[in-house]
Each structure stands twice: as C-alpha cells, then as structure tokens.
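Novice: Please see the structure below; I have some questions.
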Amino acid sequence: MNQNPRPSIDPLILSSMLSAAPERLQKRLDREPKAADGWEWRHEAGQWNVQAGEETVQVLAELVTEFGHVRCSCLLSPRCFHVLAVLNVCGIVESSFEAADTASADELPALSGAEETSGKTGSGVIEPAEELTTNAIHAAQQMDDATSRILATGLRSCGAVQQSQLLRAIHECRSEGLHRLAAAGLRLMTDIRQLRDHDENFRSETAVEDFRELLETCRHVVRQSPTPIRWIGVARRQFVPVESQKLHALFCEPILTRSGYAGVVTWLMADDGWIGSVSDVQPGDASRIPQAWQSGVTLAGLSLSHRALSQKCLLLSKGTRSADGRLGGGESARAVPVDGKGWNAGPVAAKFQTPLADQIRQSFNESDKPDFMKPAGSDLLFFEAIVLGYHEHELIVAVPNSDVILSLTIALADDELSFRDSLTTLACAPGLKIRCIGRIERANAGRIQLLACSPASHELGSQAEVPEGEVAERPKLMLSNGETHRSIGLHRLEKTQLSRCEKWPVRVTMVPRPIAAASADESLERWLRAIATGGRHAIPQTLAGSAARDVVKLRSQSRTDAATLLGSLTSATMATTTDIRGVRTADVPQQLAARWLAAAICSRTTLRELQLHDWMALVHET
C-alpha cells in the first residue's frame, strides 16, 4: 500500500521521462521541483486529475508503469512541464520485497538447523555466494557511476539529469537481482528529495551512511567473485518451516515512523531462543496505535488481539519463520494461545541471566549485518534494575549487585503514547526492583529505551520469598490479574500499582561519564557530511587551510589513518585535469568517490569501536 495519498511511479518510467525532456524543462524542474504540490489534486473513478492552471494532467493508474498512464491537456503533452512536475512529486515504487509469508509449511522443504542459519557468517559457517552475470556487473557499475557523479556535485545540486541516471541504475539493479543496491539507491533518492524539499526528516548523517553503503556494495559486487549474498540481497524474505514451536510473549511495542506508518508489533521468543514478531503496521498517525493494539492478530487463524497476545504463550504448528524474525503460515498452520509463565519461561529467564556485557557485545556484532541477515531482537537487552529516581528526562536505575548506572529513556515522544507517564510513575518509587526489556542506543553508552517491565523475579510470589538482606518495605510493582509484565508505551503504569511511592518523582544527581565516542574529534566526519551535501565544492581553495589544520589535529590525536585519508580526500576535491587545449576541468568523480568511501569506512569503524569501548567500560568489561 502506498504511504502517500498520490500515485506511485516505476523508477524506469520517471528516469526515461526526465532524460528525454528538453534541457529547458529540466532546468525549470530543477528550479521548481515542487511546483505540482501547489496544484489541485483530485482522485476520481480510479484516476487522478491534477489542475495545473488552465491545463489538466490525468494520471490513469495508481502505479505508473507506462508512458500512456499520464497525459496532459496541453499541446506539448507528454513532453511538457506539467507532466514532469506531477511525476516528480509522485512516490517512487519500492522493491517487490514482501514481508508476508510466501509459502505454507507443507510447500517448503524441511531444513536442518545448519541450513536455516546458512546465511550467517562466523562460527565456521560459510556464507552463500553467487557468480553474477555480465549484465549484473554492468548494472552495478552503472550504479557506481551514478552515485559517484551525485557525490561529486552533492545532494544539494543534484538535478533532473543525475536523478534520471540514478533511477535508471535502480531499475537495472532490480532487474538483475541486485536487491541491496536497488534498495540503497532508493534511499539515496529519498535523501535527494528530502533535502530538495527542505524536509525536517533529512539527516546528513543518514545521507553519509546511504552513500557509504551504495559505494561499498558496488565495489564488492563488481570486484568480488563469487559475490557473497550479503552484498547481493534477497528479493523476498525466505521462510523456514517449523513443525511445532512454543512462543512466549515478550511485550507489545507501538510503532510510529516519520514516513507515515503507525501500529504495533508484538514480540515473542521460541524455546530455542529465536525472537520473532507479528505486527499490524499501516499508513496512519499516532491515533491508529490504540486501534491496532486492540485489533486481531493475523496469524494462522488466530482470533486474539495484540493486547491479549502480549500476555500469552502461543502454540504454533506447521508454521514458518524467517531469520529476521517474521512468523507465517499457510492454510494448514494452526495457532493456539495458552497461559504461560511470561518472563519466567525457560528461554526468557535465560536471557535475563545472560551477563549484560555479553548481550551488549553481541548486539554490536550483529549491527553490521544487512537487515535480511540480522536476527530480530538483536538490539534488545534483558536486565534487572533498581530505580534510583530521575535526571532531566531519563529514569536512572542501578544494576543489582554492581555499581553500574543506566539511563532509561522513552522510545517515542508522542503524547498519544504512555512512555513518558510510565517513566514518571517509576521515578516516584526509588528502591523499586524490576526486570526490564529495552532497546540499546549504541551511540550513547549507558542509555537504553525502556519498552517493558515486570516485578523482579522473587517478587512474583509471596512476601516470604524476599531474599535475605533485602529491605522488605521497599516499593513493589503489582500488576493486574493475568498480567506478567507491562508494555509501558501502550499500557500506562499508575501509582496505584506501586505498594508505596513518593508524591513526586525523586530527582537524583548524575556525574557526567567520560565518553570516548562523544569526545573524539569529528573533523573527518564533518568533512564527509559536507561533501555528501555540497559535493567537491564543499572544500574550495579558501577552506583548504582549514582542512589542513584538521589533518594536523588528527595526527596529534594519534589518528594517523584518519589524518591521511582526510588529506587525500581534500586533494581529490580540488584535483583537476587539463586537456590538449589547456582547458582545466574537475577530475573524474570516481577518484573522489573512492577516497571519500575509504574515509567513510575508517570513520564508521573508528566510531563503532569507540562506542563499544564506552559500553564495555560502563559495565566494567575490557
């Protein structure tokens, strides 16, 4: 379903229209990229009518895949500005990747555990690889050329011609089965449009990451033979049949994206430790989240709401599951909800007993994998905590039997959700001991987004079970009948659920931690962002001295590789060639792209190592 209230267009059609347009129209479109936004759009009888002054543009399909799907009443149609302007603000159709189950368990061959994890690397498991065709390699080279040209000019100056080249490269990569490149190309196209439209969702850091992934993937596809599947990508999610499995509910999480989707995701854990989810996420705003929480789960004929499922144990027979945590099933699949042990179930309790340092290290190890190879829930942490109070807008907790202090934050800052109110309630109960599931913020050591909580394990029984040495009078969390935990973003924690609490949240003083990742010099990263948005002109002759000073600064900090790469990158931005007539022009964009990529990989690797170092130092691991 299209997230925009407008038709979508195939990238090849848009590319062909932009490249075939006269130069004067291309320049006008570069000056007025959002001209059609000010026109009147009407959806009537399955088609769109756009009133552009005295002319009318008709879009005859929700998905434009042919030139005949668009026409204009003016005499220059279809090579007119009206058509170009309308198509330029339409959504670009995404990959054909489907999240739904593609086959039932009866239709899929049974796989052993080794075959199910064959996409993973490490531990002696060989990652699958493919020999690519000449056409596929040519498509990757075409994507590399288009990306290099855009980087040389910068996102801010990317015009209709370069956009058409990128769109054609996206189409070619998709046609040749290079799904990761096609998806990354679409993300870069989104960056271009967001910056062009002055969209508040644009992030230069995201643009740097999209450029890096595109250029790095292109080089692996072109130069590495056979090519590992991680660089090729997959068209459709691969499901593996499971004859029977018991799934223990973890929590239900509200989803609200900047791209206009809203809903909920219920997380579950199988007996073998596999984490998966079922979701109800569709176009909408925050007001749709309560409706999704109360709506039925669409899985194997299950008649149960997400709210109810989040407190149950699910018995699934003849179902299917994917490596990235999706559940499915065909006509023969059956799901039965039963009462379970909640977070006291064997596999869930084992996660709480796993040292926090090991969970953090594993999360960092999984973070570099592409999405289709990344295990679901790899960013979740399971831990016990004692509430201390609040500092600024964060709940401060201590890890029992240690001096580790953590800051628990809200996952979504929206008034329709109960994250903030629930944290405020917890801050009124210093000494409260709880179990927590949260999402790690890798870039911020010590900060975790709290998603769900439950009473500490020994508090689920009677008062006699309080361990020796514990203060019997300290606050306790009391949940309603049938609840084993509370998803705090959807179900507000109230003071009445605390055995005792203060009238107001208790404030604590935090001593700032020394954070290596935050204190590291960002000279290289700053120039990478500048070039991504401004191109080679981001470092003109007048700023060469500033770049040279940053090189010296990096060397003084013993970041020799970063200093060398920044110096090389600066030279590449100002490199020129002279032809036989003595005319000086900018050097080929591929040279700049190669040096920019080397600097981007160095920056990302260094930052990731510093972030891991900060987390390990926090939990006293080296």
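The values are calculated or read from the model by the stated rules, or taken from the named source; none is laboratory data. Computed from a predicted model, the values in this text were never measured in an experiment. When we count neighbours, we look across all protein chains shown, and the Cβ atoms used for this are built from the backbone with ideal geometry, even at glycine. SASA here: full protein model, heavy atoms, side chains in, ligands and nucleic acids out. Shrake-Rupley method; radii C 1.70, N 1.55, O 1.52, S 1.80 Å.
Novice: Under 14 Å Cα-Cα from residue 553, which aspartates and glutamates qualify once same-chain neighbours fewer than 8 residues away are excluded?
Specialist: 521, 522, 525, 561
Novice: Tell me which aspartates and glutamates have Cα within less than 15 Å of residue 318's Cα, excluding those fewer than 8 residues away on the same chain?
Specialist: Counting by Cα, and skipping residues close in sequence, residue 318 has these aspartates and glutamates nearby: 101, 106, 107, 243, 331.
Novice: Once amide H atoms are built 1.01 Å from N in the peptide plane, which residues 5 or more positions from residue 500, or in another chain, come under 5 Å H to H?
Specialist: 476
Novice: For the chain, find the longest principal axis of its Cα atoms and tell me its angle to the long axis of helix 160-175, 0 to 90°, nearest 10.
Specialist: With rounding to tens, the tilt is 60 degrees.
Novice: Then there's this: Just need the relative contact order of the chain here, percent rounded to a whole number, with Cα pairs under 8 Å and 6+ apart.
Specialist: Values: 1184 pairs, mean separation 72.9, N = 622.
After rounding, I find 12 percent.
Novice: Residue 418's amide H: which non-local residues (gap 5+, or another chain) put their own amide H closer than 5 Å, with H modeled 1.01 Å from N in plane and none for Pro or chain starts?
Specialist: Close amide H contacts, sequence-distant or interchain: 490.
Novice: Return the sequence-ordered ³J(HN,Hα) values of the stretch 451-456 in whole Hz as given by the Karplus equation 6.51 cos²θ - 1.76 cosθ + 1.60 applied to θ = phi - 60°, using x for Gly and Pro.
Specialist: Once θ is set to phi - 60°, the couplings for the stretch 451-456 become 10, 7, 8, 8, x, 4 Hz.
Novice: Nearest 10 degrees is fine. How inclined is helix 544-556 to the longest principal axis of the chain, computing both from alpha carbons?
Specialist: Between helix and principal axis, roughly 40 degrees.
Novice: Any chance you could run the full-extension gain for residue 526 through residue 156? It's 0.36 nm times the residue separation minus the Cα-Cα distance, nm to one decimal. Working shown, then result.
Specialist: On the way: separation 370, 0.36 × 370 = 133.20 nm, distance 1.63 nm.
Taking residue 526 through residue 156 to full extension adds about 131.6 nm, to one decimal.
Novice: Any idea what % of Cα-Cα pairs in the stretch 368-444 are farther than 17 Å? Please list the in-between numbers first.
Specialist: Working: 1495 of 2926 pairs.
For the stretch 368-444, the share of Cα pairs beyond 17 Å comes to 51 percent.
Novice: Considering only protein heavy atoms, what per residue accessible area in square angstrom results for the stretch 196-322 with a 1.4 angstrom probe? Walk me through the intermediate numbers first.
Specialist: On the way: 5050 Å² over 127 residues.
For the stretch 196-322, the solvent-accessible area averages 40 Å² per residue.
Novice: While we're looking at this one, here's another question. Counting each DSSP H run of 4 or more residues in the chain as -39500 (n - 2.57), what helix-only mean residue ellipticity at 222 nm follows after dividing by all residues, to the nearest 500 deg cm²/dmol?
Specialist: Numbers: 19 runs with 222 residues, N = 622.
Dividing the helical sum by the residues of the chain leaves -11000 deg cm²/dmol.
Novice: P(r) for the chain: what percent of alpha-carbon pairs falls in each 10 Å bin, starting at zero?
Specialist: Bin by bin from 0 Å, the calculated values are 3, 14, 21, 24, 21, 12, 4, 1, 0, 0.
Novice: Kindly provide the pair-distance distribution of the stretch 326-470 built from C-alpha pairs, with 10 Å bins from 0 and whole-percent values in order of increasing distance.
Specialist: Result, from short to long distances: 9, 35, 34, 17, 4, 0 percent.
Novice: May I ask you to evaluate 6.51 cos²θ - 1.76 cosθ + 1.60, the Karplus curve with θ = phi - 60°, for each residue of the stretch 373-381 and list the ³J(HN,Hα) values in order in whole Hz, giving x for glycine and proline?
Specialist: With the stated coefficients, the stretch 373-381 comes to 10, 8, x, 5, x, 5, 9, 8, 10 Hz.
Novice: Find, among the trypsin sites (Lys or Arg not before Pro) in the stretch 1-82, those assigned to loop by DSSP (not H, G, I, E, B) with at most 11 other beta-carbon atoms within 10 angstrom.
Specialist: Values: sites: 24, 27, 28, 31, 34, 42, 71, 79; in loops: 34, 79.
Sparse-neighbourhood loop trypsin sites (Lys or Arg not before Pro): none present.
Novice: Ok, one more. Can you compute log10 of I(q)/I(0) for the stretch 165-316 with the Debye formula, treating each Cα as one identical point scatterer, at q = 0.19 Å⁻¹?
Specialist: Cα-only, vacuum Debye calculation for the stretch 165-316: -1.09.
Novice: By average Cβ neighbour count within 10 Å, what is the ranking of 434-440, 267-273 from highest down? Show your work: numbers first, answer last.
Specialist: Working: 434-440: 22.3, 267-273: 18.6.
Highest-to-lowest ranking by the protection proxy: 434-440, 267-273.
Novice: Assuming R0 = 41 Å, can you tell me the calculated FRET efficiency for the pair residue 315 and residue 45, based on Cβ-Cβ distance, to the nearest 0.05? Could you put the intermediate results ahead of the total?
Specialist: Numbers: r = 48 Å, r/R0 = 1.17.
So, using R0 = 41 Å, E works out to roughly 0.30.
Novice: Starting from the amide H of residue 251, placed 1.01 Å from N in the peptide plane, find each other amide H under 5 Å away whose residue is 5 or more places distant or on another chain.
Specialist: Counting only residues 5 or more places away or on other chains, the set is 267.
Novice: Using the per-residue mean of other Cβ atoms lying within 10 Å as a proxy for protection, in what order, highest first, do the peptides 401-414, 493-506 fall? Write down the numbers at each step before the final one.
Specialist: Working: 401-414: 16.9, 493-506: 14.2.
Descending packing order for the listed peptides: 401-414, 493-506.
Novice: Related question: Which angle from 0 to 90°, rounded to the nearest 10, does the C-alpha axis of helix 134-153 make with the longest principal axis of the chain?
Specialist: The angle comes out near 90 degrees.
Novice: So, in nm, how far is label residue 403 from label residue 30 when the simple model puts each one 7 Å beyond its Cα toward the Cβ?
Specialist: Each label point is offset 7 Å from its Cα along the Cβ direction, giving 6.1 nm.
Novice: What list of ³J(HN,Hα) values in whole Hz, one per residue of the stretch 283-292 in order, does the Karplus curve 6.51 cos²θ - 1.76 cosθ + 1.60 (θ = phi - 60°) give from phi, with Gly and Pro shown as x?
Specialist: Result, rounded to whole Hz: x, x, 10, 4, 5, 7, 4, x, 5, 5.
Novice: Still on this model: Too long at a 27 Å Cα-Cα cut-off: which of 341/503; 246/433; 351/374?
Specialist: Numbers: 341/503 33 Å; 246/433 29 Å; 351/374 18 Å.
Beyond 27 Å between Cα atoms: 341/503; 246/433.
Novice: Quick test of your reading: applying the under-4.7 Å Cβ rule, which cysteines of the chain are isolated?
Specialist: 72, 74, 80, 90, 158, 173, 218, 252, 313, 436, 453, 602
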